[in-house]
1. Please list, ordered by residue number, the helices (runs of 4 or more DSSP H) wholly in the stretch 1-118 having 2 or more residues that are β-branched (Val, Ile, Thr) and either open to solvent by less than 40 Å² (accessible area, probe 1.4 Å) or modelled with pLDDT of 95 or more (or both).
2. Report whether or not residue 178 is in contact with a His (Cβ under 8 Å, 6 or more places away or on another chain) and modelled with pLDDT of 95 or more.
3. Within the stretch 88-103, identify whether any single residue is β-branched (Val, Ile, Thr) and under 19 Å from residue 233 (Cβ atoms), and answer yes or no.
4. Looking at the structure I just gave you, is residue 133 surrounded by 16 or more Cβ atoms within 10 Å (Cβ to Cβ), more than 20 Å from the chain's Cα centre (by Cα) and among the aliphatic types (A, V, I, L, M)?
5. Over 26 Å from residue 182 (Cβ atoms) and of a type outside the set (Gly, Ala, Ser), is that true of residue 229?
6. Please state which of the following conditions residue 121 fails to meet, knowing it meets all the rest: (1) over 30 Å from residue 213 (Cα atoms); (2) open to solvent by 10 Å² or more (accessible area, probe 1.4 Å).
7. If I ask for residues that are more than 12 Å from residue 12 (Cα to Cα) and β-branched (Val, Ile, Thr), which ones from the stretch 214-262 would you list?
8. Here is a check on your reading of the model: is residue 139 among the small types (Gly, Ala, Ser) and open to solvent by 30 Å² or more (accessible area, probe 1.4 Å)?
Amino acid sequence: MRLSLDHITAVDADPVQLAETASAAGCAGICLFMQSMDVLPLMPRFDLCSDRSARKDLSRRLADLGLSLDLAYPFTLAGRSDVGAFAPALECAAELGAGLVNVLCYDRVPARRTDKFGAFCDLAARYDLRVGIEFYPPSQVHLLADALALAMAIDRPGQVGVNVDLLHLMRSGGTVAELAAAPQQFILYGQLGDGPAQCDCGDLDAEASSARLLPGEGVFDLAGFVRALPPDCPISVEIPRNHALLAGETREQRVRRAVDSVRGALAKT
């Protein structure tokens, strides 16, 4: 099964290192942060949006390795966000051939949230980019149903839809059956990892960014999740385990373990 490697699974990698690590683990694509994030302090500093030389280097390396950029981060819409300010990042994503750009929404005003998301989708369309809204309990789009409603309000099936992270589905109280019943043309991406029945650390942000479990260590139904996705829906391995990084496990070891564990779980589909 075709898998992509999510950047936070190899959070200590710069973009070229991410591509090389993904290739070594047998992945066919990457999900990439185009700029380093302060909320991910273990991530090296880089900015593909402003550094065109680094962008070209990454493009060449992706081509050399036969990898695609499946998903580009970060696009965060808040109440004060200026949608036009995302143009350089969208241009960067388009130049790198991104299959999808990922959006998180933190705007508390429902009508403004819909308008702002619609304006963002219009801007992304100028760059021939598809848009995935990611629901996330700490954001203002908490549930799969919320994300579907927002995507369906834009009414561009196949172009604007939902990125479904299995961890967020479980933590929001959702189910695999709910995903299976969703309109398939609005489900654009899936992200895989495992976890306990409840968030052990009591901090959803910390769990999502640094403390996920390998398949088999938790209770999530990865195989059922993949069966509930539309056929040929792209999926990624999103399993940050910062404790392993800090304990000295190499990036290659961490990624190989994550990818192999996902493949083992999906062998049950």
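1. So the answer is 15-24.
2. no
3. yes
4. Judged against the criteria, residue 133 is not a match.
5. No, not satisfied.
6. That leaves (2) as the condition not met.
7. 219, 226, 235, 237, 239, 259, 262 - these are the residues of the stretch 214-262 that are more than 12 Å from residue 12 (Cα to Cα) and β-branched (Val, Ile, Thr).
8. Considered against the rule, which asks whether it is among the small types (Gly, Ala, Ser) and open to solvent by 30 Å² or more (accessible area, probe 1.4 Å), residue 139 comes out as no.
The values are calculated or read from the model by the stated rules, or taken from the named source; none is laboratory data. Only a predicted model underlies this, so the values are computations on that prediction, with no experimental measurement involved. For neighbour counting, all protein chains shown are included, and Cβ atoms are generated from backbone atoms with ideal geometry for every residue, glycine included. Accessible surface areas use protein heavy atoms only, side chains included; no ligands, DNA or RNA. Shrake-Rupley method; radii C 1.70, N 1.55, O 1.52, S 1.80 Å.
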